[in-house]
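Visitor: I'd like to ask some things about the structure below.
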Amino acid sequence: MARERLYLFDTTLRDGAQTNGVDFTLADKLAIAGMLDGLGIDYVEGGYPGANPTDTELFATKRKFDTTFTAFGMTRRPGRSASNDPGLALLLDAKADAICFVAKAWDYHVRVALETTEEENLASIRDSVKAAKAKGREVLLDCEHFFDGYKANPKYALACAKAAYDEGARWVVLCDTNGGTLPHEVATIVAEVCKLIPGDHVGIHAHNDTEQAVANSFAAVRAGARQIQGTLNGLGERCGNANLVSIIPTLKLKPEFSGTFDIGVSDTALKKLAQVSHALDERLNRGSNRHAPYVGASAFATKAGIHASAIAKDPATYEHVAPETVGNKRKVLVSEQAGKSNILAELERIGIAADKNDPRIGRLLEIVKERETIGYAYEAADASFEMLARRTLGTVPNYFDVTQFDVNVEQRNNAKGERVTVCMAVVKVKIGDEKMISAAEGNGPVNALDRALRKDLGKYQKYIDSLKLTDFRVRILNGGTEAVTRVLIESEDENGDRWTTIGVSPNIIDASFQALMDSIIYKLVKSGAPA
Ligand SMILES: [Zn+2]
């Protein structure tokens, strides 16, 4: 049986831009639109031309995407004609493939917020759709507060949706604007709408205020809707929008959906999903959610020994889908509870051949346990575990030695008489017989040390040029008589691969130094740098 086409509409750049603390520049918007386009998202809503300079500029030029690049805006204002509404004119002139109008579908809002009549609101919907169609645009209508509106006055909510459809809107999108509707209500109401408007013209726009935006989206699809609107990483006002990063793999990998629907995201594009999700976080300068379904660092991580040995035999025993399908990795955590089976499973995953009777495996386990009692947490630092394992098994070349480093923090007045704190680090490195000195300033002592350390590694420099620190976490642990500092550093390379390293010391600079060194050496090993 032929599969039906299900469409995805991303509103990261419009609704997602409402997220507290998120402020996209034009460059951000173009980069994110490019990632969404590369994934195969059918519609990318870029913003609201006329609402702010960034969005106006975004739509001033025709953008070259395969996706249907969509501008968002209001229907014509009540009491005006479509040809005499400056806001509508801006929207109609925007260089967009499609226009997504938003209109109220709740009679109460029409009267109280819009201060107009129900009939005038319907006329505004009809006129606006007509005007956009006349401009040759594909048209969508977001029916704001549709579900609450339907509960209050089903006849009027349906009339709003039907007005747009009858006028030729490609999609009528049912919005759960407050995010409070539950899946069984969505299912019932969408089924009613689909009796009036064919489901392949009906979309769902769910917000996550009861943590069910994804479930609501699927409930709508089961009831007949054929377009899902959402955002990357569930960005959006308040609790966010439906998370496309969770929706896409479910549609692709769960037989209920993959057997019934085709979406624009290919199997190859799906493998980029984790990278896209992380790249967005990085652009927003946020740490990624480790527990995010499918793409989080912990999504395929297993801790307990008994699970680890079962996973080594057959991953399907504990995994609902294969991590590689979404560009993620399986991870067996090495922790205090670790047994030999964890260590062996992890060694196998990272490609280190080991014999379970090798006495060095027992020694590695002892070292891990000893270090974890003083504050190391290898389950959170896969790359440091790998370095420890490789060193214990004797396979890490001695690329270079840091013979000395010095970090200086100075507070003084600058030339303008302002009080400033300046950090500088000097690092002495020995590579073979060659000795070199590098100095660098930074916005803090660790940043200065990192920059000095990576400034000049001689013949190894080319291997670490693309190395970036993406996250730096510090925790003070109160174990025993004195506090120690645990530093976790996350790094990324040119392939988008990420790894985490750890350092522990009473001194934050020492702890950071350990983690930085592990990260650099890990990268050299990974790149196959010659000793
Ligand atoms: Zn919304």
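The values are calculated or read from the model by the stated rules, or taken from the named source; none is laboratory data. Just so it is clear, the model here is predicted, and its values are computed rather than measured. As a convention, Cβ positions derive from the backbone with ideal geometry for all residues, glycine included, and neighbour counts pool all protein chains shown. Just the protein is used for accessible areas: all its heavy atoms, side chains included, with ligands, DNA and RNA removed. Shrake-Rupley method; radii C 1.70, N 1.55, O 1.52, S 1.80 Å.
Visitor: Could you point to the residue in L196, Y294, C143 farthest towards the positive end of the chain's charge dipole, with +1 and -1 charges on the Cβ of Lys/Arg and Asp/Glu respectively?
Guide: Going by the Cα projections, it comes out as Y294.
Visitor: Turning to a different aspect of this structure: What is the packing order of peptides 482-490, 23-31, taking the mean over residues of other C-beta atoms within 10 Å and listing the highest first?
Guide: Numbers: 482-490: 19.1, 23-31: 14.9.
Listed from highest to lowest mean packing, they are 482-490, 23-31.
Visitor: Now for a separate question. Quick one: which residues, 5 or more positions from H207 or on another chain, have an amide H under 5 Å from its amide H? H modelled 1.01 Å from N in the peptide plane, none for Pro or chain starts.
Guide: D176, G179
Visitor: How charged is the neighbourhood of E120? Take every other residue with its Cβ under 13 Å from the Cβ of E120, and add Lys/Arg as +1 and Asp/Glu as -1. Before the final figure, lay out each step's value.
Guide: Values: positive: R76, R77, R80, K104, R111, R126; negative: D107, E115, E118, E119, D127.
Net local charge, E120 excluded: +1.
Visitor: Which whole-number value in Å² is the accessible area per residue of the range 28-158, probe 1.4 Å?
Guide: Details: 5420 Å² over 131 residues.
The answer is 41 Å² per residue.
Visitor: Report, in deg cm²/dmol and to the nearest 500, the calculated mean residue ellipticity at 222 nm for the chain, where each DSSP H run with n ≥ 4 adds -39500 (n - 2.57) and the sum is divided by the residue count.
Guide: Values: 20 runs with 201 residues, N = 531.
The per-residue figure over the chain is -11000 deg cm²/dmol.
Visitor: Determine ³J(HN,Hα), in whole Hz, for all residues of the range 44-52 in sequence, where each value follows from phi through the Karplus function 6.51 cos²θ - 1.76 cosθ + 1.60 and θ = phi - 60°; x replaces Gly and Pro.
Guide: Result, ordered by residue: 10, 8, x, x, 10, x, x, 7, 7 Hz.
Visitor: Looking at the square roots a ≥ b ≥ c of the eigenvalues of the Cα gyration tensor of the range 431-470, which shape do they give, rounded for a/c under 1.5, prolate if a/b is larger than b/c, or oblate?
Guide: Working: a/c = 3.30, a/b = 1.41, b/c = 2.35.
Note, shape of the range 431-470 comes out oblate.
Visitor: Counting Lys +1, Arg +1, Asp -1, Glu -1, what net charge surrounds P315 among other residues with beta carbon under 14 Å of its beta carbon?
Guide: So the surrounding residues net to 0.
Visitor: Let me ask another. Determine the dipole magnitude for the chain: charges of +1 sit on the beta-carbon of Lys and Arg, -1 on that of Asp and Glu, nothing else is charged, the reference point is the Cα centre, and the result goes in debye to the nearest 20. Could you put the intermediate results ahead of the total?
Guide: Details: 65 positive and 71 negative charges, 136 e Å.
With only Lys, Arg, Asp and Glu charged at Cβ, the dipole is about 660 debye.
Visitor: Lys and Arg at +1, Asp and Glu at -1: add these up for the other residues within a Cβ distance under 11 Å of S491 and post the number.
Guide: Values: positive: R454, K468, R498, K523, K526; negative: D450, D471, E490, E492, D493, D497, D518.
Surrounding charge for S491 is -2.
Visitor: In debye, nearest 20, what is the charge dipole magnitude of the range 28-72 about its Cα centre with +1 on Lys and Arg Cβ and -1 on Asp and Glu Cβ, if you could check?
Guide: Working: 4 positive and 7 negative charges, 31 e Å.
Around 140 debye, computed over the range 28-72.
Visitor: Another question, if that's okay. Remind me, relative contact order of the range 238-368 in percent, using alpha carbon pairs under 8 angstrom and six or more residues apart?
Guide: Working: 144 pairs, mean separation 25.9, N = 131.
Relative contact order here is 20 percent.
Visitor: Okay, next question. Using Stokes-Einstein with the Kirkwood hydrodynamic radius over Cα pairs, what translational diffusion coefficient do you get for the chain at 25 °C and a viscosity of 0.890 mPa s, in µm²/s rounded to a whole number?
Guide: Values: Rh = 26.2 Å.
My calculation gives 94 µm²/s for D.
Visitor: In addition: Ignoring ligands, DNA and RNA, what percent of the 1.4 Å accessible area of the range 1-55 is carbon and sulfur? It would help to have the intermediate numbers written out before the result.
Guide: Numbers: 1070 of 2170 Å².
Ligands and nucleic acids excluded, carbon and sulfur reach 49 percent.
Visitor: Could you give each residue of the range 392-404 its phi-based ³J(HN,Hα) in whole Hz, using Karplus coefficients 6.51, -1.76, 1.60 with θ = phi - 60°, and x for Gly or Pro?
Guide: 5, 8, x, 10, 10, x, 8, 5, 7, 10, 8, 7, 6
Visitor: Given the C-alpha centroids of the range 264-283 and the range 486-531, what is the distance between them in whole angstrom?
Guide: 24 Å
Visitor: Okay, next question. Give the peptides 248-257, 376-385, 408-417 in descending order of average Cβ contacts within 10 Å, highest first.
Guide: Details: 248-257: 17.8, 376-385: 24.1, 408-417: 8.8.
Going from most to least packed, we get 376-385, 248-257, 408-417.
Visitor: Considering only protein heavy atoms and a probe of 1.4 Å, how much of the accessible area of the range 431-526 is carbon and sulfur, as a whole percent? Write out the running numbers ahead of the final one.
Guide: On the way: 2040 of 4460 Å².
That fraction is 46 percent.
Visitor: Of all DSSP beta bridges located in the chain, what percent are antiparallel, nearest 5? Each step should come with its number before you reach the end.
Guide: Working: 39 of 79 bridges.
Counting only bridges with both partners in the chain, antiparallel ones make up about 50 percent.
Visitor: Next question, about the same structure. Taking the solvent-accessible surface of protein heavy atoms with a 1.4 Å probe, what is the per residue accessible area of the range 179-252 in Å²?
Guide: Working: 2190 Å² over 74 residues.
I get 30 Å² per residue for this part.
Visitor: Lys/Arg Cβ at +1, Asp/Glu Cβ at -1, dipole of the chain taken about the Cα centre: which of L284, V221, A164 is farthest positive-ward?
Guide: Checked the options; the winner is L284.
Visitor: Along its principal axes, what span do the Cα atoms of the range 284-414 show, with the longest given first and each in whole Å?
Guide: Each principal axis gives a Cα extent; for the range 284-414 these are 62, 43, 28 Å.
Visitor: Let me ask something else. In debye to the nearest 20, how big a dipole does the range 59-175 give about its Cα centre with +1 on each Lys and Arg Cβ and -1 on each Asp and Glu Cβ?
Guide: That gives a dipole near 380 debye.
Visitor: Counting other Cβ atoms within 10 Å, which GluC sites (Glu not before Pro) in the range 93-153 have at most 12 and lie in a DSSP loop?
Guide: Working: sites: E115, E118, E119, E120, E138, E144; in loops: E115.
Loop-located and lightly packed - E115.
Visitor: From the cross-link list K340/K369; K29/K271; K64/K133; K272/K462, which pairs have alpha carbons spaced over 18 Å apart?
Guide: Details: K340/K369 12 Å; K29/K271 22 Å; K64/K133 21 Å; K272/K462 26 Å.
Distance filter (> 18 Å) returns K29/K271; K64/K133; K272/K462.
Visitor: Can you order the peptides 289-302, 206-219 by their average number of other Cβ atoms within 10 Å per residue, highest first?
Guide: Ranked by mean Cβ neighbours within 10 Å, highest first: 206-219, 289-302.
Visitor: Something else now. So what J values fall out for the range 450-457 if you push phi through Karplus, 6.51 cos²θ - 1.76 cosθ + 1.60 with θ = phi - 60°, rounded to Hz, Gly and Pro as x?
Guide: Couplings: 4, 5, 5, 4, 9, 6, 8, 10 Hz.
Visitor: Let me ask you something else. Mind listing the long-range amide H neighbours of D142? Cut-off is under 5 Å, sequence gap 5 or more, other chains count too, H placed in the peptide plane at 1.01 Å from N.
Guide: Correct list: F101, V102, A103, V173.
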